[in-house]
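These notes concern the structure reproduced below.
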Amino acid sequence: MSAINATQANQISPATERVYHQSNLLGDWKGTWTQNHRPVEFKVLNIRGSSAQVEYTHDGHTERGTATVNGASLTFDNVTVATRNGQQAVIEFAYGTAKMTGVLSKSASAQDQNKLVGTWIGSTATMSATFKVLSITGRDAKVQYTVNGKAGSGTGDLTGNTVMLGKVQVTSADGVHGTVIFPDGHSTISLAVTKFTPNTTSTSSTVNKLA
């Protein structure tokens, strides 16, 4: 089997991402086999066209190599992993008449987590906003927000340093300080926000009118 180069960039075509959300496959998947309850782990390090570099750990040893990507699933030797939502996956081992299945969950690594994930808070004497980015999978972001008493939630879009849900968005370059932008009548409001952490106090924010 070929050695893994973890620094290889992902090359997922826009067409397959749009149809299959192949970036959902990326990550560290952990779970157990249904039949014997033994732990199993499957890491998808990168996807390049129809190939993926993977690590498959079972029964105390790890296999590394290249898997074949097919839509929203990939196959590595006798093992197939498939996911629809990027959070839960099904793993199947098949060899002749022998077959095992299991359920996997994606493990979120703190150092790999997108810097936009978290709770962004800002306020002035007349404005307030709380924008929560609960999770990011590929280009999809789970979002909850409350802006001047109006709440919204759903799946937003990730573009660069910005997560947008409808006409409300949060942007941050450093993962600490950011801006929430939202409509207010015929104007657009830009409100400075900071990411909430239990050991820090929020700082005062400013509001700017945009054309």
- Item | Fewest-first sequence of Phe131, Phe196, Phe42 by Cβ atoms within 10 Å of each Cβ | Phe196, Phe42, Phe131
- So for the pair Gln87, Ser187, with labels modelled 7 Å out along Cα→Cβ, what separation do we get in nm? 3.7
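Cβ neighbours within 10 Å, averaged per peptide: list 151-157, 141-147 in order, most packed at the top. All intermediate terms of the calculation are to be shown ahead of the outcome.
On the way: 151-157: 14.4, 141-147: 20.4.
For the peptides 151-157, 141-147, the packing ranking is 141-147, 151-157.
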- Note on the structure: Once amide hydrogens are built 1.01 Å from N within the peptide plane, the residues lying 5 or more places from Val40 or on another chain with amide H under 5 Å from its amide H are Gly31, Thr32, Trp33
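Calculate the FRET efficiency for Glu63 and Lys115 from the Cβ-Cβ distance with a Förster distance of 35 Å, rounded to the nearest 0.05.
Values: r = 33 Å, r/R0 = 0.93.
Efficiency, rounded to the nearest 0.05: 0.60.
For Lys99 and Ser13 in the same chain, what is the full-extension length gain: residue separation times 0.36 nm, less their Cα-Cα distance, in nm? Show your work: numbers first, answer last.
Working: separation 86, 0.36 × 86 = 30.96 nm, distance 3.24 nm.
That pair, Lys99 and Ser13, stretches by 27.7 nm at full extension.
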- Query: Any idea what the dipole of the chain comes to, in debye rounded to 20, about its Cα centre with Lys/Arg Cβ at +1 and Asp/Glu Cβ at -1?
  - Reply: 460
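If you rank Leu104, Leu45 by fewest surrounding Cβ atoms within 10 Å, what's the result?
Numbers: Leu104 22, Leu45 18.
Least to most surrounded, the residues fall as Leu45, Leu104.
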- Task: Taking the dipole about the Cα centre of the range 14-109, with the C-beta of Lys and Arg at +1 and of Asp and Glu at -1, give me whichever of Ser23, Asn36, Val90 is farthest to the positive side.
- Result: Ser23
- Task: Quick one: P(r) of the range 113-210 from all Cα-Cα pairs, 5 Å bins, percents rounded to integers, in order of increasing distance.
- Result: 3, 14, 28, 27, 18, 9, 2, 0
- Would you calculate the separation in nanometres between label points at Asn70 and Thr126, each defined as 7 Å from the Cα along the Cα-to-beta-carbon direction? 6.1
- Task: Name the residue farthest towards the positive end of the dipole of the chain from the options Thr66, Ala173, Asn78, assuming +1 on Cβ of Lys and Arg, -1 on Cβ of Asp and Glu, about the Cα centre.
- Result: Ala173
- Message: Quick one: 3J(HN,Hα) in Hz for the range 146-156, Karplus 6.51/-1.76/1.60 with θ = phi - 60°, rounded, Gly and Pro as x.
- Response: 9, 10, 6, x, 9, 9, x, 7, x, 9, x
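From the gyration tensor of the Cα coordinates in the chain, what semi-axes in whole Å does the equivalent ellipsoid have, largest first, with each one equal to sqrt(5λ)? Write out the running numbers ahead of the final one.
Details: eigenvalues 331, 56, 44 Å².
Taking √(5λ) for each Cα gyration eigenvalue gives 41, 17, 15 Å.
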- Query: How big is the range 14-109 in terms of Cα radius of gyration and Dmax, in angstroms?
  - Reply: 12.6, 39
- Give, rounded to the nearest 20 debye, the magnitude of the charge dipole that the range 39-111 has about its Cα centre when Lys and Arg contribute +1 at Cβ and Asp and Glu contribute -1 at Cβ. 260
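Just so you know, all these numbers are worked out from the coordinates, no wet-lab data involved. Every value quoted in this text rests on a predicted model; they were computed, and no experiment measured them. When we count neighbours, we look across all protein chains shown, and the Cβ atoms used for this are built from the backbone with ideal geometry, even at glycine.
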